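This report concerns only the one structure given below.
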Amino acid sequence: MATSSTATAKVSKWRAFRLRCDGIDRKAERWLLLTFYALIILTIAIEVFRRFVINYSSPWGEEVARYAFIYLAWLAAAAAVRDRAHIRIDVLVNLGGPKVKRLGWWLADIATLVLAVWALWLSIAPILTSLNFGSITPGLRVSQAFFLAAVPLGFTLVVLRVVQSMLADVRRMKRGEPVFDGQKLFD
């Protein structure tokens, strides 16, 4: 009897730890998304003011907004994969039962994982080239590699999110729960 209560306590502690990490993970992701979005808005507002009121624009403003948007887009892509809110056509999957849905999501997750790993592998070469030649951005005068790193960082996050999604599906399957269909943007 004591063994089963100990095993249950370990599982619940592990689950509580996982839920706490998940909460921190989601909050950090949202704060990063908010930070990059606010940076874009602030930079563009300042640049509009400088161009049309002061009649002088900075050489760095456009670059800051562009690179913040790139980081924002990759973070948002990973967040969409996590919530299964990315663009998809799931008419055929919805026509089938729970097993067809589970199979459809597994196939989609495997395809996404393969694509993300492949793209991650391909996105490392430009960073190494930039580091080897010491390329810098024209306006900010910062290493181009810092901004090129957004692509492999984004694909790394996508890989992690797909793996998290697949593990969550396995846990749901073991508990006999239906597969998570994701959050729909439109109906």
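The values are calculated or read from the model by the stated rules, or taken from the named source; none is laboratory data. Being a predicted model, the structure only gives us computed values, none of them experimental. Ideal geometry is used to build each Cβ from the backbone, glycine not excepted, and the neighbour counts take in all protein chains shown.
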Are any residues in segment 10-69 more than 19 Å from LEU167 (Cα to Cα) and among the aromatic types (Phe, Trp, Tyr), and if so, which ones? TRP31, PHE36, TYR37, PHE49, PHE52, TYR56, TRP60, TYR67, PHE69
Would you mind finding the one in VAL163, VAL179 that is without any contact (Cβ under 8 Å) to a residue 60 or more places away in the chain and of a type in the set (A, V, I, L, M, F, W, C)? VAL163
The one condition GLY104 fails out of (1) in a helix (DSSP H, G or I); (2) within 18 Å of the chain's Cα centre (by Cα); (3) not acidic (Asp, Glu) is (2)
Near pairs, Cβ below 8 angstrom, 6+ apart or cross-chain, from segment 90-117 (closer than 19 Å to LYS174 by Cα and aliphatic (A, V, I, L, M)) to any residue that is modelled with pLDDT under 85 and part of a helix (DSSP H, G or I): VAL100/VAL93
If we ask which residues in segment 122-167 are within 28 Å of PRO178 (Cα to Cα), modelled with pLDDT under 90 and hydroxyl-bearing (Ser, Thr, Tyr), their number turns out to be 1
Of the residues in segment 36-57 that are surrounded by 14 or more Cβ atoms within 10 Å (Cβ to Cβ) and of a type in the set (Val, Ile, Thr), the one that is nearest to ALA79 (Cα to Cα) is ILE40
Would you point out the residue of segment 131-155, among those that are surrounded by fewer than 17 Cβ atoms within 10 Å (Cβ to Cβ) and of a type in the set (Ser, Thr, Tyr), that is nearest to the chain's Cα centre (by Cα)? SER143
Among the residues of segment 64-101, write down those that are touching a Lys or Arg at 6+ places or on another chain (Cβ under 6 Å) and among the β-branched types (Val, Ile, Thr). VAL81, VAL93
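Provide a single number: the residues in segment 25-74 that are over 19 Å from PHE155 (Cβ atoms) and in a helix (DSSP H, G or I).
Step one: filter segment 25-74 for residues over 19 Å from PHE155 (Cβ atoms), giving 26-27, 30-31, 34-35, 37-66.
Among the residues that remain, those that are also in a helix (DSSP H, G or I) are: 26-27, 30-31, 34-35, 37-54, 61-66.
Residues in segment 25-74 being over 19 Å from PHE155 (Cβ atoms) and in a helix (DSSP H, G or I): 30 in total.
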If I filter segment 149-164 for residues that are in contact with a Pro (Cβ under 9 Å, 6 or more places away or on another chain), more than 27 Å from CYS21 (Cβ to Cβ) and in a helix (DSSP H, G or I), do I get at least one hit? no
